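Colleague: Before anything else, here's the structure in question.
The values are calculated or read from the model by the stated rules, or taken from the named source; none is laboratory data. Since the structure is predicted, the reported quantities are computational estimates derived from the model, not experimental observations. Because the Cβ atoms are built from the backbone with ideal geometry, glycine has one as well, and the counts that use them run over all protein chains shown.
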Amino acid sequence: MALSPMDVTQLAALDTARAARVLSEVRSAALSGQPAPVAPRPVIGQSWERMMRRGVDPDHGFRSRLLSREEVQRRREASTLRHVLPVLREGLLSVADVAHHIMVVADEDGRVLWREGSAPVLRKADGLGFEIGADWREEVVGTNGVGTPAVTGRPVQVFASEHFVRSHATWTCAGAPIRDPRDGRLIGVVDVSGPLETMHPATLSWVDSVAKLAEARLREMHVRSLERLRAVAAPVLARIDGRALVVDRNGWTAAVTGMPYTERLALPKSASAGLRWLPALGRCSLEPLAGGWLVRAADEPVARAATRIVLDLRARRRWSVEVFDGAGSWTRELSPRHAELLYLLAVHRSGRSAADLARDVFGDPARTVTVRAEMSRVRRYLGTLLEHRPYRFTETAEVEVLLPEDPHGFFPRGACPPAGR
């Protein structure tokens, strides 16, 4: 009798060896183009398709050169993940060690920065190249519990031959992305891995719960930092006539005067002191404060229509939108979801409804609540450059899209763009 993907997952909890054999047959069939005894789970099947398009060798794993000890230390000190290591260790390590697992924490580039847990399992991980400083992106080592959650943006468990590279088939991984609550940007992935026989179906939920606790800790830290900045801002704003606000380095508002409160102000990627043009305020001045910026708006609002918007999608996961106006320019990095939404609006200049975008992005036109929430966030920094009912770029804007040479696998799902230019 044929098994469904869910049956295989349940079987793995009862009979690891049999489930591993079934998944090995599924993988072999998928790679050879032959009928499989059961379809791979969608998240795994989609990952395999990306690997085949990218030419990852399924039979000979590739090992990138490890980062130097100095570079690993530099990345650790620069990473926001360092603030939540105690949460991750408390939530995962005690159980992981008993269950013969290891905890791995990688940055947004897929580089392994921390790795702790069972000593025998750490030695086995060395044999797979799963070491400090290793590059564990999906396009480098195939489907895995670090790289695949980074691509999909959601927790993923990879069991046995669900790994694309054959040498990883004795391993099981469960990874969850960690996002910065200030801007939703991926900052890394936490993964629990171990030998095949240590697999448990509840592992993924466990890892995802701890990842969410880490994000909650970051959120608490952000609130406290805004409170400190608010204390600094109060006497400064009390001496100012006109419109002004104090924001942190990410644009989150601590205090305002002479204008309505706005939760967040979109700042240029590399903000610096001096006169600047911002979509929400027009021409204004930026002055540094401890932990943030004092932003003084012009006496009168400066309303200018953008003459040019450049959506730069060439560098993988380093996407941005740049707005050019007669008064200056402004750049903002984009999350994968916002990049996908803006690309779709650039392609469909006449506009897309929330249901259209939900179908494009999720394959489900009913997910309009999620789309509306994301578009609300996009409009916070693009302001009047975006219109709604339907969502679209304003007619006065010239929109240019810069694409990579190979657009395949550009987004986890959704419309695949034409070749780059």
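Colleague: Would you check which residues across the range 53-81 are surrounded by fewer than 13 Cβ atoms within 10 Å (Cβ to Cβ) and of a type in the set (A, V, I, L, M, F, W, C) and list them?
Modeller: A78
Let's see how each residue does on (1) assigned to a strand (DSSP E or B); (2) surrounded by 15 or more Cβ atoms within 10 Å (Cβ to Cβ):
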residue	(1), (2)
A231	no, no
V236	no, yes
I240	no, no
V256	yes, yes
Y261	no, no
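Colleague: For the range 116-136, how many residues are of a type outside the set (A, V, I, L, M, F, W, C) and buried (at least 21 other Cβ atoms within 10 Å of the Cβ)?
Modeller: Counting residues in the range 116-136 that are of a type outside the set (A, V, I, L, M, F, W, C) and buried (at least 21 other Cβ atoms within 10 Å of the Cβ) gives 3.
Colleague: Would it be correct to say that S209 is touching a Ser or Thr at 6+ places or on another chain (Cβ under 7 Å), assigned to a helix (DSSP H, G or I) and in the same structural domain as S118 (by TED's automatic domain parsing)?
Modeller: no
Colleague: Another question, then. Can you report the number of residues in the range 92-107 which are surrounded by fewer than 20 Cβ atoms within 10 Å (Cβ to Cβ) and part of a helix (DSSP H, G or I)?
Modeller: Number of matching residues: 5.
Colleague: Okay, moving on. Exactly one of (1) within 17 Å of the chain's Cα centre (by Cα); (2) closer than 19 Å to S79 by Cβ is unmet by W114. Its number?
Modeller: So the condition that W114 fails would be (1).
Colleague: Here's a follow-up. Considering every residue within the range 228-251, establish whether at least one is within 27 Å of the chain's Cα centre (by Cα) and farther than 30 Å from L81 by Cα.
Modeller: No - not one qualifying residue is present in the range 228-251.
Colleague: Could you tell me which of the residues A358, A366, A373 is of a type in the set (A, V, I, L, M, F, W, C) and closer than 22 Å to A266 by Cα?
Modeller: Sole residue among the options that is of a type in the set (A, V, I, L, M, F, W, C) and closer than 22 Å to A266 by Cα: A373.
Colleague: Hey, among D59, D107, which residue is in the same structural domain as G145 (by TED's automatic domain parsing), farther than 23 Å from M221 by Cβ and in contact (Cβ under 8 Å) with a residue 60 or more places away in the chain?
Modeller: Only one candidate passes the filter, namely D59.
Colleague: Exactly one of these conditions fails for G145: (1) part of a loop (DSSP other than H, G, I, E, B); (2) of a type outside the set (F, W, Y); (3) touching a Ser or Thr at 6+ places or on another chain (Cβ under 7 Å); (4) in contact (Cβ under 8 Å) with a residue 60 or more places away in the chain. Give me its number.
Modeller: (4)
Colleague: If the Cβ limit is 6 Å and pairs must be 6+ apart or interchain, which residue in the range 340-360 that is within 16 Å of T394 (Cβ to Cβ) pairs with which residue that is of a type outside the set (S, T, N, Q) and assigned to a loop (DSSP other than H, G, I, E, B)?
Modeller: Qualifying pairs under 6 Å: G351/P390; R352/P390.
Colleague: Can you pull out every residue in the range 238-261 that is in contact (Cβ under 8 Å) with a residue 40 or more places away in the chain and at negative phi?
Modeller: Selection gives I240, R243, A244, L245, V246, V247, D248, R249, N250, W252.
Colleague: A further question on this structure: Of all residues in the range 383-413 being assigned to a loop (DSSP other than H, G, I, E, B) and of a type in the set (D, E, K, R), which is modelled with the lowest pLDDT?
Modeller: Within the range 383-413, the match that is modelled with the lowest pLDDT is R413.
Colleague: Is it the case that the range 318-337 has a residue that's among the aromatic types (F, W, Y), within 23 Å of the chain's Cα centre (by Cα), modelled with pLDDT of 70 or more and buried (at least 17 other Cβ atoms within 10 Å of the Cβ)?
Modeller: Checked the range 318-337: at least one residue is among the aromatic types (F, W, Y), within 23 Å of the chain's Cα centre (by Cα), modelled with pLDDT of 70 or more and buried (at least 17 other Cβ atoms within 10 Å of the Cβ).
Colleague: Separate question: Counting only residues that are crowded, with 17+ Cβ neighbours inside 10 Å and assigned to a helix (DSSP H, G or I), how many does the range 351-367 have?
Modeller: 7
For (1) modelled with pLDDT under 90; (2) crowded, with 18+ Cβ neighbours inside 10 Å; (3) out of contact with any Gly (no Cβ under 7 Å at 6 or more places or on another chain), each residue gets a yes or a no:
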{"residue": "A176", "(1), (2), (3)": "no, yes, yes"}
{"residue": "D180", "(1), (2), (3)": "no, yes, yes"}
{"residue": "G188", "(1), (2), (3)": "no, yes, yes"}
{"residue": "V192", "(1), (2), (3)": "no, yes, yes"}
{"residue": "E197", "(1), (2), (3)": "yes, no, yes"}
{"residue": "A211", "(1), (2), (3)": "no, yes, yes"}
{"residue": "L218", "(1), (2), (3)": "no, yes, yes"}
{"residue": "R228", "(1), (2), (3)": "no, no, no"}
